[in-house]
Amino acid sequence: MKGKVIPEKIRIKNIAVVKSNIEVGKEAFELISGINEYSFSFNQEIGFNYDQHLIRLRLNILLQGKNDKGELVNIKGEFGIEFVFHVDNFQDLTQEENGSYEIPSSLVTTLSSLAYSTSRGIVFQETQSTVLRGILLPVIDPAILFSVKNKPPLSDNKAK
């Protein structure tokens with residue numbers, strides 16, 4: 001890596017909710033008080049346009065409700081949120097080798113952190129009028145976002 005990640009040189013150009021789906025099975029009728037516990041998992045997809053200094057990051061989130069016994073039930077939310085970032089010093093941060101580019105993990109971790117923290121609010125808002133209302137994605141180490149792809153749920157949480 002030639003340069004240093006400078007947060008002030010990063011701008012969010014666009015945010016789009018590309019998927020927002022709440023699925024409720026018959027278990028919802030039995031859970032009159034709503035979901036008190038849930039499990040979540042996620043993955044992310046990253047692409048970039050070197051010449052335009054743009055990075056696209058899509059964060060996919062799966063929430064699954066649990067009953068009072070801690071068992072997964074057919075109440076879930078799936079969200080896909082896409083971010084487009086402009087990084088002013090993108091070319092200073094990347095290295096080209098034989099026609100392919102290497103993006104430093106520090107930049108990916110920074111962008112993942114921005115995307116995840118923003119997604120926490122988006123998911124909270126998207127679930128307000130649903131059986132998943134009150135769900136807050138937990139605060140996590142942003143390095144986990146960069147290192148985890150298509151893995152099982154990272155944690156189990158209680159709705160606030």
Item to check | Enumeration of residues in the range 61-71 that are modelled with pLDDT of 85 or more and either surrounded by fewer than 21 Cβ atoms within 10 Å (Cβ to Cβ) or hydrophobic (A, V, I, L, M, F, W, C) (or both) | outcome: I61, L62, L63
Checklist entry - Among the residues of the range 32-47 satisfying the criterion of being over 13 Å from K69 (Cα atoms) and aliphatic (A, V, I, L, M), which is modelled with the highest pLDDT? => result I46
Item to check | Restricting the range 72-88 to residues that are farther than 16 Å from L114 by Cβ and of a type outside the set (A, V, I, L, M), the residue that is surrounded by the most Cβ atoms within 10 Å (Cβ to Cβ) | outcome: G77
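The values are calculated or read from the model by the stated rules, or taken from the named source; none is laboratory data. Worth saying up front: this structure is predicted, and the values here are computed from it rather than measured. Using ideal geometry, Cβ is built from the backbone for each residue, glycine included, and neighbour counts are taken over all protein chains shown.
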